[in-house]
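Written below as structure tokens is the structure these notes are about.
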Amino acid sequence: MGETGPVTEQPRTADIGFARLDPDRAARTGTPEVVFAGGKTPAETVGCLAGLLDAGAPLAWATRVDEPTAAAVRERWPEAHVDPVGRVAWVGTPPPPVGEVLVLTAGTSDGAVAAEVAATLAASGVACRRVDDVGVAGVHRVLAVAPDLAAADAVVVVAGMDGALPSVVAGLTDRLVVAVPTSVGYGAAFEGLAALLTMLTACAPGVLVVNIDNGFGAGVAAARIVRSAQR
């Protein structure tokens, strides 16, 4: 008789009718399934959060949460955490924070995306410090935070308009810089495309670029960097 290999247990799927949830994603990837509320009804978002909790998730959270969805989450779970600026909501308790990510914005108009970054880091169990409005129009402002760059485990830079700030920051630190282009800017900014292309062609190495307005993706990337370093 030939030997058989080890039996690999298949990941679970929680079928709630309109969605098939992935409750074991955190064990595989370090990041749980997160509900994208955009395009879902408030009831669907609440149903997904409830399904994740019922499957044993210690924390169930959603991004791009609008006001009606936030109200529905609070109605179901009065203790839920809702960040109306970052449009993030979660039910449960995040892990204790470790490390620190420095989140910089080029301007205050980039604040909503930076808030999504900060909320994602908090839900991922990573500490965050924000410094706003240090764009290249007054480059002395970002030079003034050079000591903060050196103290951070990773840096997230959120910028619209010409998107030049990440390249400047990457030239000042040996930390990985996660760059988030935003849709802030006048017509030729093409709703963030100009900033995206600038960041992708940054002359300073060590810049990781996520999609336009994707504060969640930037937060997850930075959190994985920090948690890997902690291990």
Tally Lys/Arg at +1 and Asp/Glu at -1 over every other residue whose Cβ is under 14 Å from the Cβ of Pro68; what's the total? +1
Sorted by chain and then number, the residues having a modelled amide H within less than 5 Å of the amide H of Val103, at least 5 places away or on another chain, are Arg129, Arg130, Val131, Val156
Let's see if you can work this out: charge +1 on each Lys and Arg Cβ, -1 on each Asp and Glu Cβ, no other charges. What is the dipole magnitude of segment 87-173 about its Cα centre, in debye to the nearest 20? 100
Describe numerically, in nm with one decimal, the distance between label points set 7 Å from Cα along Cα→Cβ at Thr29 and at Val85. 2.8
Dimensionless Rg/Rh of the chain - Kirkwood Rh, Rg from C-alpha atoms: 1.03
Which net charge results for the neighbourhood of Arg25, defined as the other residues with beta-carbon distances under 14 angstrom from its beta-carbon, given Lys and Arg at +1 and Asp and Glu at -1? +1
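With the other protein chains left in place, how much accessible area per residue, in square angstrom, belongs to the chain at a 1.4 angstrom probe?
Dividing the accessible area of the chain by its residue count gives 50 Å².
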Mind pulling the per residue volume of the convex hull built on the Cα atoms of segment 29-81? Å³ is fine. 81
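Using the beta-carbon distance between Arg20 and Glu100 and R0 = 35 Å, what value does 1/(1 + (r/R0)^6) give for FRET efficiency, to the nearest 0.05?
FRET efficiency, Arg20 to Glu100: 0.45.
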How high is the relative contact order of the chain, in percent, with contacts defined as C-alpha pairs under 8 Å that are six or more residues apart? 15
Roughly what % of DSSP beta bridges within segment 3-110 run antiparallel, to the nearest 5? 85
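For segment 19-162, give the percent of accessible area contributed by carbon and sulfur heavy atoms, probe 1.4 Å, rounded to a whole number.
Of the solvent-accessible surface of segment 19-162, carbon and sulfur hold 56 percent.
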How high is the relative contact order of segment 142-185, in percent, counting Cα pairs under 8 Å that sit 6 or more residues apart? 45
From Cα pairs below 8 angstrom and at least 6 apart in sequence, can you work out the relative contact order of segment 135-231, rounded to a whole percent? 27
Suppose accessible area is computed on protein heavy atoms with a 1.4 Å probe; arrange Thr120, Thr29, Thr13 from highest to lowest. Thr13, Thr29, Thr120
Which order, highest average first, do 125-132, 138-145, 150-157 follow once you tally other Cβ atoms within 10 Å for each residue and take the mean per peptide? 150-157, 125-132, 138-145
Give, rounded to the nearest 20 debye, the magnitude of the charge dipole that the chain has about its Cα centre when Lys and Arg contribute +1 at Cβ and Asp and Glu contribute -1 at Cβ. 260
Which residue, chosen from Ile16, Ala71, Ala27, occupies the Cα position most advanced towards the positive end of the dipole of the chain, where the dipole is computed from +1 (Lys, Arg) and -1 (Asp, Glu) charges on Cβ about the Cα centre? Ala27
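The values are calculated or read from the model by the stated rules, or taken from the named source; none is laboratory data. Just so we're clear, the structure is a prediction, and the values are computed from it rather than from any experiment. Note that we place each Cβ from the backbone using ideal geometry, even for glycine, and neighbour counts take in every protein chain shown. Note: accessible area is taken over every heavy atom of the protein model, side chains too, but ligands, DNA and RNA are not part of it. Shrake-Rupley method; radii C 1.70, N 1.55, O 1.52, S 1.80 Å.
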